[in-house]
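Let me begin by presenting the structure, written as structure tokens, before commenting on it.
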Amino acid sequence: MTLLSSTEAVLYAVLPIIGVIVGALVGIVVYRFYQNKKLGAAKQTANKMVEDAVNEARQIRKTANREAKEELEKEHNALERRKSEVARSEQRIIQREENLDKKEHALDRKSEELDNQKNALSQKHADVDKLKAELEGANNKILDEIQHVAQLTKEEAKAKLIDAIRDEAKHDAAKMVREIDAEAREEADKKAQKIVALAVQRCAVDHSAEITVSTVALPNDEMKGRIIGREGRNIRALETATGCDLIIDDTPEAVVLSCFDPVRREIARIALEKLISDGRIHPGRIEDLVEKAKKEVDIKIKEAGENAMYETGVFGINPELVRILGRLRFRTSYGQNVLRHSIEVSNLAGVMAAELGANVSIAKRGGLLHDIGKALDHEIDGTHVSIGVDVAKKYKESKEVIHCIAAHHNDVEPDTVEAVIVQCCDAISGARPGARRESLDNYVKRLEKLEEIANSYEGVEKSFAVQAGREIRIIVKPEVIDDVKAMYMSKEIAKQIEQDMQYPGQIKVNVIRETRAVEYAK
């Protein structure tokens, strides 16, 4: 019993071990089975991939072969085309070479012909030179005979011939000028007179003479002492504040203000009148009233410029330029108020431009602004023309208007119809009777200069400046100056007067040739 139990115990102990071993072997067999199965499937997949790769490689090779054949065929065709083009080019080159050969032969023939012609011309030149030499010899013989007969040298005869031709040409030219001038005057005078008369009638204005001094009335002579002040302090303060000279003399109940700047003179006049009416005259009060007078004058200047614009119908002017224009209200030229003169020139220019078909707007604007430089010529160096041009450029006026300003005294040659119109209207306005006056010295000098120019010409017996210098009458010697030369002389003297003198309006040059036959009965 005991032995059996020991055997069973051994069996019980060994059986699990055997089971584990058997299970392990079975597991190994199963694992190998599955591994072999997977390996077979992988081999099949690998074989499939290899087969697909082989097929794809075959397909690629076929495609590559086909494309290579196509590319070779294209290159072959391109090569054939190039061969055909080269063949055509060679054919053209051969053709050109043939043509060049033909042209070369033709040029050779022409060259031979030109050489032959050149030789022929050389021969002809030689013949001509020979004939020329013979003609010169014959001509010299003839000239020698003529000089011997006429007892004149060649140079003397040539000079006499030139003088005769020149005199004849002058005579014919003067005759033609007289005929053309007569025809032109007949038509132009009528039209010019009509246009000028119409413009003047429509634009007539009054003129008032002004000078560089102003007179202020006083209520009594006692006021003079108050204006002078203690030790002259009041008059010095007033002169310092206004820049004007106060002239207090024996004139009863009056004080004279003297200043070349018309704006300052007006400020001084207003300030002095306010001081007289106020009665409180001392330096502090003088400065206050002078400042008030400046403001009043500024307002008047602005209003004067605006009224000039409205009166002429010229608008769009820069406000600062309007103020400068208004300053012309207090400016005079030969006693003529420059602002009224500018307004008149503008209106005259507008009427004349309309009659002549020119630009009315430019003519009126140029006429209104043509003397704008005179408003600043007390402050800026230079002529009023150059100052006016600079001011107009500064305030962006048009080139046409600036040209009208620059050309109205012939500082530059007028290039436009409007500039000529402004120039004429300026002369008309200044030359109108009573519009301007000039000093006696200047008047006498102008008359003397006129007579001096006339007497400088050969054949003038005497001359007289008449009509206040508007006409110069020239008496010529009839035995020296004929009718044609008298006509020519009048034009020459008129040109010299235009070049050498400055004058308003126009001057008539009247050349008088008079022949008298005198005999005495005994």
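The values are calculated or read from the model by the stated rules, or taken from the named source; none is laboratory data. What you see is a predicted model, and the numbers here were worked out from it, not measured in a lab. No Cβ is skipped: glycine too gets one built from the backbone with ideal geometry, and neighbour counts run over all protein chains shown. Protein only, heavy atoms only, side chains kept; ligands, DNA and RNA dropped before computing areas. Shrake-Rupley method; radii C 1.70, N 1.55, O 1.52, S 1.80 Å.
Computed over neighbours whose Cβ is under 12 Å from that of residue 31, the net charge equals +3, Lys and Arg +1, Asp and Glu -1.
Computed from Cα atoms alone, the Kirkwood hydrodynamic radius reported for region 72-129 is 15.4 Å. Here Cα extents along the principal axes in Å was calculated from the structure, and among (i) 217, 112, 44; (ii) 96, 53, 42; (iii) 72, 60, 56 it sits at label (i). Let me have the 222 nm mean residue ellipticity of the chain computed from DSSP H runs of 4+ only, each contributing -39500 (n - 2.57), with the sum over all residues rounded to the nearest 500. Value at 222 nm, helices only: -25000 deg cm²/dmol.
Restricting to DSSP loop positions (anything but H, G, I, E, B) with no more than 12 other Cβ atoms inside 10 Å of their own Cβ, which trypsin sites (Lys or Arg not before Pro) remain in region 371-435?
Details: sites: 374, 393, 394, 396, 399; in loops: 396.
Qualifying residues, ordered by number: 396.
Restricting region 271-337 to trypsin sites (Lys or Arg not before Pro) that sit in a DSSP loop and have at most 13 other Cβ atoms within 10 Å of their own Cβ leaves 280. Other residues lying with their Cβ under 13 Å from the Cβ of residue 89 contribute a combined charge of +3, Lys and Arg counting +1, Asp and Glu -1. On the chain, 53 percent of the accessible area sits on carbon and sulfur atoms, based on a 1.4 Å probe.
Modelled this way, with points 7 Å down the Cα-to-C-beta line, the labels at residue 479 and residue 51 are 15.2 nm from one another.
In whole Å and largest first, what semi-axes does the C-alpha gyration tensor of region 284-356 yield when each eigenvalue is scaled by 5 and square-rooted? Intermediate values should be presented prior to the final figure.
Numbers: eigenvalues 184, 39, 10 Å².
Square roots of five times the eigenvalues give 30, 14, 7 Å.
Think of each Lys and Arg Cβ as +1 and each Asp and Glu Cβ as -1; about the Cα centre, that makes the dipole of region 216-295 roughly 360 debye. Think of the chain as a dipole: +1 on every Lys or Arg Cβ, -1 on every Asp or Glu Cβ, centred on the Cα centre; then among 392, 94, 521, 94 lies furthest on the positive end.
For region 458-522, chymotrypsin sites (Phe, Trp or Tyr not before Pro) meeting the loop criterion (DSSP other than H, G, I, E, B) and having at most 11 other Cβ atoms within 10 Å: 520. Put a dot 7 Å past the Cα of residue 112, heading toward its Cβ, do the same for residue 311, and the two dots end up 9.6 nm apart.
Estimated from the Cβ-Cβ distance and a Förster radius of 45 angstrom, the FRET efficiency linking residue 410 and residue 278 is about 0.30. Binning all Cα-Cα separations of region 1-135 at 10 Å, short to long from zero, yields these whole-percent fractions: 9, 10, 9, 8, 8, 8, 7, 6, 6, 5, 5, 4, 4, 3, 3, 2, 2, 1, 0. Summarised as an ellipsoid, region 213-274 has semi-axes of 17, 13, 9 Å, derived from the eigenvalues of the Cα gyration tensor scaled by 5 and square-rooted, with the largest first. Separation of region 341-358 and region 464-521, taken as the distance between their Cα centroids, equals 33 angstrom.
Just the C-alpha atoms of region 296-407: what Rg/Rh do they give, with Rh taken as the Kirkwood radius?
On the way: Rg = 13.0 Å, Rh = 13.7 Å.
In region 296-407, Rg relative to Rh is 0.94.
In the full protein context, the chain carries 68 Å² of accessible surface per residue, based on a 1.4 Å probe and ignoring ligands, DNA and RNA.
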